[in-house]
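The values are calculated or read from the model by the stated rules, or taken from the named source; none is laboratory data. Note that this is a predicted model, so its numbers are computed, not measured. Positions of Cβ are backbone-derived with ideal geometry, glycine not excepted, and every protein chain shown enters the neighbour counts.
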Amino acid sequence: MKRISVLMIIAIIAINLCIIGYAQQNDALKILTKVDEVSSAPEDQHIKSTMILVDKSGNQKERKMVIYQKGGDKRLVRFLSPPDQKGISFLSLPNDLMYLYLPAFRKVRMIASHVKNQNFAGTDFSYDDMSSFSFAKEYNPKLLKTTDTFYLLKLTPKTEIEKDYSQLKMWVNKDSFVPSKIEYYDKNVNLWKTLAFDNIEKVGNYRIAKEMEMKDLKKSHSTKMLIGEIELDSGLSDDIFTKRNLKRIR
């Protein structure tokens, strides 16, 4: 009888742990889905921003760019200056389609899956980082910690998704569901990059981080993105998000 009782207790504990684990996983997915919903909440976005690239010696390079986004799966990024970068454009479309236009070659080329993890135009953001994608569709989340102000999630790529990152850690603000920080780990689970979100402001009905900084710890290099002018829900045409428009230098 004692043996049966012990086995029953072990079984009950195991069942309870499974229930708790499932509940935590479900909570983590809800949080990550909310992060996606907040980032793609505007019907469309037209943003003018400045990128500041800083090398390990402290030398800086500044670039002006414009970003067009529609929903959560269409984005076009175009450099406006300096002259040697003007016209370089990147287009991200649904189904993981990415295209790059380099004015010097006057050709639009598709970015292959094995290239999307390379750095975009010398910045610390990869093509994949710059694309419009859903975290919840590409990563399995786990809730590591909850405090009064944030949720800490661990994200691991889904088996069918090709990433250079073995995992991410994401600090999500409870009040806005805008991340405050993301850590990116390499295949050996060593910390590789950090992305900080600052100056989170309410623009219209939306919460938007007006400043982001990606740091590559291996290269001692960073890229800061400062949001300037921003227009939301302006009715952007689908014609903007085409390979033909990618070649138009403005």
Practice problem: Scan the range 212-226 and report the pairs whose first residue is within 15 Å of A121 (Cα to Cα) and whose second residue is of a type in the set (V, I, T) and in a strand (DSSP E or B), with Cβ atoms within less than 6 Å and a gap of 6+ or a chain change. | Solution: M214/T223; S222/V54; K224/I52
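Looking at the range 190-207, which of the residues that are out of contact with any strand residue (DSSP E or B) (no Cβ under 7 Å at 6 or more places or on another chain) and not in a strand (DSSP E or B) is farthest from K169 (Cα to Cα)?
The first filter runs over the range 190-207 and keeps only residues out of contact with any strand residue (DSSP E or B) (no Cβ under 7 Å at 6 or more places or on another chain), leaving 190, 202, 205.
From what's left, not in a strand (DSSP E or B): 190, 205.
Numbers: N190: 12, N205: 27 Å.
Of everything passing the filter in the range 190-207, N205 is farthest from K169 (Cα to Cα).
Answer with yes or no whether A104 is more than 18 Å from Q167 (Cβ to Cβ) and either more than 17 Å from the chain's Cα centre (by Cα) or modelled with pLDDT of 90 or more (or both). Don't jump to the end; show me each part of the working.
Values: more than 18 Å from Q167 (Cβ to Cβ): yes; either more than 17 Å from the chain's Cα centre (by Cα) or modelled with pLDDT of 90 or more (or both): yes.
The answer is yes for A104.
Looking at Y206, Y184, can you tell me which residue is at pLDDT 95 or above, farther than 22 Å from E62 by Cα and crowded, with 16+ Cβ neighbours inside 10 Å? Working first, answer last.
Working: Y206 fails: at pLDDT 95 or above.
One residue alone meets the criteria, Y184.
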Quiz item: Out of (1) within 23 Å of A209 (Cβ to Cβ); (2) basic (K, R); (3) touching a strand residue (DSSP E or B) at 6+ places or on another chain (Cβ under 6 Å), what's the single condition that is false for K137?
Solution: (3)
Quiz item: Do you know which of the residues in the range 153-179 that are without any contact (Cβ under 8 Å) to a residue 40 or more places away in the chain and in a strand (DSSP E or B) is nearest to S39 (Cα to Cα)?
Solution: N173
Quiz item: When you go through K219, K215, K210 one by one, which is the residue that is within 25 Å of Q85 (Cα to Cα) and part of a loop (DSSP other than H, G, I, E, B)?
Solution: K219
Quiz item: Are any of the residues in the range 202-214 touching a helix residue (DSSP H, G or I) at 6+ places or on another chain (Cβ under 8 Å) and polar (S, T, N, Q)?
Solution: no
Quiz prompt | Residue within the range 124-131 that is without any contact (Cβ under 8 Å) to a residue 60 or more places away in the chain and farther than 28 Å from K219 by Cβ present | solution = no
Exercise. Any chance you could count how many residues in the range 101-125 are out of contact with any Phe, Trp or Tyr (no Cβ under 6 Å at 6 or more places or on another chain) and under 21 Å from D84 (Cβ atoms)?
Key: 15
Quiz prompt | Number of the condition not met by Y151 [criteria: (1) at pLDDT below 95; (2) more than 25 Å from I88 (Cα to Cα)] | solution = (1)
Quiz item: (1) under 30 Å from N140 (Cβ atoms); (2) among the hydroxyl-bearing types (S, T, Y); (3) more than 21 Å from the chain's Cα centre (by Cα): which one isn't true of S81, the others all being true?
Solution: (1)
